[in-house]
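Presented below is the structure to which this report refers.
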């Protein structure tokens with residue numbers, strides 16, 4: 001989905017007296033901008049004001065070594081970073097570096113991606129230029145509505161100047177009735193070079209979309225000339241039947257009817273590797289009705305890894321495993337880019353080539369909730385940057401749990417003990433170091449066998465903190481009614497409960513009591529969030545046991561990110577109202593014993609925007 005709204009006028013923050021120790025009023029009756037600080041995060045990426053859309057157009061500037069992070073906002077705008085934790089707006093007040101209004105894009109600028117050293121060795125943007133709306137996968141596609149055009153920056157990314165010419169990819173493939181044709185993503189791949197006889201370092205483009213009554217697709221193109229003026233169509237290198245699933249759908253949702261924001265990259269265990277295993281991240285749009293597609297808000301942020309084959313000069317991508325990049329229902333439209341070891345951020349810590357990805361957390365459920373937007377004067381954010389790599393789960397018992405078609409594959413097998421491979425995704429080492437570099441305290445661990453909640457001995461001083469912990473479960477837990485985890489942002493009036501539930505192998509974020517404001521104001525989402533995580537049987541020190549649950553929970557005012565075991569993320573909103581809603585509690589329900597260990601709370605978080613002034 002593409003949102004291209006104008007930001008709300010001005011950056012003025014109204015200081016209306018609001019009592020956060022009393023029950024909230026109907027927030028839509030408050031003055032505009034009066035809620036600007038109420039739920040605003042500190043450590044996340046978002047414009048100075050207004051609505052943020054898809055992350056896109058990232059790149060490392062070869063001249064400065066700075067990493068540029070982009071997003072849709074009044075066109076597209078962005079920031080630079082030299083440490084993946086603190087950011088600096090490219091233009092004052094978050095003004096865009098490209099806007100709609102040209103011959104190719106009279107209506108809108110949608111997602112694109114950047115060749116760092118393209119035309120005249122300058123950053124070159126290939127983006128979707130939009131001429132007609134509406135565009136939606138459930139309706140007939142208007143020919144010419146989405147084309148792919150070029151723009152070049154000569155001033156360090158502050159402006160991308162559109163080439164005075166027509167689109168370089170002027171239409172979808174001939175006679176293909178597409179559901180969408182957008183979000184071009186440029187990449188290099190040595191396997192494709194070899195299969196197709198391309199010169200080393202050739203650029204490729206994957207464009208996301210699908211085919212009506214057939215299913216979602218990725219359309220592949222190859223660079224034809226040094227000036228990037230012509231792109232050779234290579235067909236649908238990946239296509240799935242409409243509304244089909246990976247396996248039974250439990251581990252990777254639905255492929256849906258239309259792909260969006262597809263990225264292609266290659267990984268090994270250290271990070272990015274041009275010769276590594278091929279991965280893709282993609283947004284999938286789907287409907288509850290598998291026969292007659294209807295407009296819906298069902299979207300999923302997925303990943304897949306697979307193999308490239310070539311027959312008669314036609315390349316194909318076939319998945320070997322797939323999963324969700326983020327289980328949050330408002331988390332979507334991920335975009336990433338190679339961050340080379342030569343980038344400033346990497347040089348500071350001696351990091352190798354990495355693939356860094358950002359995910360959009362929409363603040364009003366894709367524009368479908370009547371959230372008090374005017375009162376807040378900002379909507380949505382990008383989640384903390386993640387570095388992706390091939391992850392290994394070692395010493396796993398070879399039983400039925402590993403043989404299911406899931407978000408993993410068997411990498412090796414040694415006499416009943418296997419090694420599994422999956423997508424490893426963790427908060428970038430720079431951002432995680434900054435998050436945990438603040439004041440901290442250790443909460444004494446405990447073993448509990450009785451249902452209930454127990455407050456921490458010490459509560460955080462604010463709604464900005466990180467919780468890390470390791471939870472251990474007895475063998476009898478599997479398939480039981482045991483639930484265990486933490487309650488955060490808690491008081492006598494509110495709390496958000498995050499727990500692992502063995503009965504359906506899920507991490508659940510119970511938001512039913514997260515926000516007192518949800519009871520007085522429409523548009524504040526309080527639905528529960530659910531994501532699947534399998535804890536395997538593993539052998540440690542010669543003993544078989546259930547894999548521990550290792551949690552990192554980031555609480556950035558209203559944004560909550562739940563990271564688990566290096567392979568699971570669920571991100572959501574928890575908009576607590578009362579000033580007192582800062583407590584943390586141990587949570588235990590059902591039958592069984594649970595051990596909470598290595599519990600640490602890091603206070604404060606860092607300020608991602610040191611240059612911004614109110």
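Summary of values
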{"item": "Relative contact order, percent, region 527-614 [alpha-carbon distance under 8 Å, six or more residues apart]", "result": "15"}
{"item": "Extension gain from residue 103 to residue 120, taking 0.36 nm per residue of separation minus the Cα-Cα distance", "result": "3.8 nm"}
{"item": "Expected 222 nm ellipticity per residue - DSSP helices of 4 or more, -39500 (n - 2.57), all of the chain, to 500", "result": "-1000 deg cm²/dmol"}
{"item": "Alpha-carbon centroid distance for the pair region 567-614 / region 180-250, whole angstrom", "result": "39"}
{"item": "Average Cα contact separation per residue, the chain, under 8 Å, 6 or more apart, as relative contact order %", "result": "14"}
{"item": "Prolate/oblate/rounded call for region 175-251, Cα gyration tensor, a/c under 1.5 rounded", "result": "prolate"}
{"item": "Inter-centroid distance (Cα atoms) of region 41-69 relative to region 119-162, Å", "result": "18"}
{"item": "Extension gain, residue 270 back to residue 539 (0.36 nm per residue minus Cα-Cα distance, nm)", "result": "94.4 nm"}
{"item": "Length released on extending from residue 190 to residue 37, taking residue separation times 0.36 nm less the Cα-Cα span", "result": "50.3 nm"}
{"item": "Computed FRET value (nearest 0.05) for residue 349 with residue 91, which takes r as the C-beta separation and R₀ as 25 Å", "result": "0.35"}
{"item": "R0 of 56 Å, Cβ-Cβ distance residue 369-residue 199: FRET efficiency to nearest 0.05", "result": "0.70"}
{"item": "Inter-site label distance for residue 433 and residue 136 at 7 Å from Cα along Cβ, in nm", "result": "4.7"}
{"item": "Prolate/oblate/rounded label for region 237-380 (Cα gyration tensor, a/c 1.5)", "result": "oblate"}
{"item": "Overall form of region 420-537 per C-alpha gyration tensor (a/c, 1.5; a/b vs b/c)", "result": "rounded"}
{"item": "Residues 185, 87, 606 arranged by fewest to most Cβ contacts within 10 Å", "result": "606, 87, 185"}
{"item": "Distance (nanometres) between label positions extended 7 Å along Cα→Cβ at residue 412 and residue 213", "result": "5.1"}
{"item": "Peptides ranked, highest mean first, by Cβ atoms within 10 Å: ranges 187-195, 549-557", "result": "549-557, 187-195"}
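Taken together, the values in this text are just the output of simple stated rules run on the coordinates, not laboratory data. Note that the structure is predicted; figures quoted are calculated from it, not measured. Glycine gets a Cβ as well: all are built from the backbone with ideal geometry, and neighbour counts include every protein chain shown.
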